[in-house]
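After the structure tokens below, expect a handful of questions from me.
Read the figures in this text as sums done on the coordinates, not as results from a lab. Computed from a predicted model, the values in this text were never measured in an experiment. FYI the Cβ positions are ideal-geometry reconstructions off the backbone, even for glycines, and counts take in every protein chain you see.
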Amino acid sequence: MTTACSEHGCKGQVPPALEAAHLCILHFTLQIEKASAEMRRETVYGKTPHARQVEIIHYIAEHGEMLARASTSGLHLPDEMKARILNTFLTLINLRENLDRAALRQPIGRTGG
Ligand SMILES: [Zn+2]
């Protein structure tokens, strides 16, 4: 039994690995891209509080894992969708790298101000 994507007007099916997100693969990747762009803007100055950084790192790991599980579960995806999935992985990888780079720009031990 499969559930339908919760995105309005979408008739896509939710793969078991994405049950928690209630989204089809397409809308799951779109959601990640959107959230990542927002987090990228949020973290670009390296002034993100540590707790928030940890939250973002968890988001990246969790969603990367869900996407990996969904895309390798034998769904017979069109090439276009496979390319989109790879691109979304790249977005997550780059977001994580940027987070580390932004953190490095802020000298450790300095509280700012
Ligand atoms: Zn959908």
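Find the residue count for region 15-24, including only residues that are more than 8 Å from the ligand (Cβ to nearest atom) and either closer than 18 Å to T88 by Cα or free of Cβ contacts under 8 Å to residues at least 40 places away in the same chain (or both).
6
Counting only residues that are closer than 16 Å to I85 by Cα and charged (D, E, K, R), which one in region 3-38 is surrounded by the fewest Cβ atoms within 10 Å (Cβ to Cβ)?
Among those residues, the one meeting the criterion is K34.
Can you name every residue in region 39-58 that is buried (at least 17 other Cβ atoms within 10 Å of the Cβ) and either closer than 19 Å to L23 by Cα or of a type in the set (A, V, I, L, M, F, W, C) (or both)?
M39, I56 - these are the residues of region 39-58 that are buried (at least 17 other Cβ atoms within 10 Å of the Cβ) and either closer than 19 Å to L23 by Cα or of a type in the set (A, V, I, L, M, F, W, C) (or both).
For region 63-74, does any single residue satisfy the condition of being in contact with a Lys or Arg (Cβ under 7 Å, 6 or more places away or on another chain), more than 14 Å from the ligand (Cβ to nearest atom) and over 16 Å from N94 (Cα atoms)?
No, there is no match, as no residue in region 63-74 is in contact with a Lys or Arg (Cβ under 7 Å, 6 or more places away or on another chain), more than 14 Å from the ligand (Cβ to nearest atom) and over 16 Å from N94 (Cα atoms).
Going through region 25-62 one residue at a time, which ones are β-branched (V, I, T) and more than 16 Å from the ligand (Cβ to nearest atom)?
The answer is T43, V44, T48, V54, I56, I57, I60.
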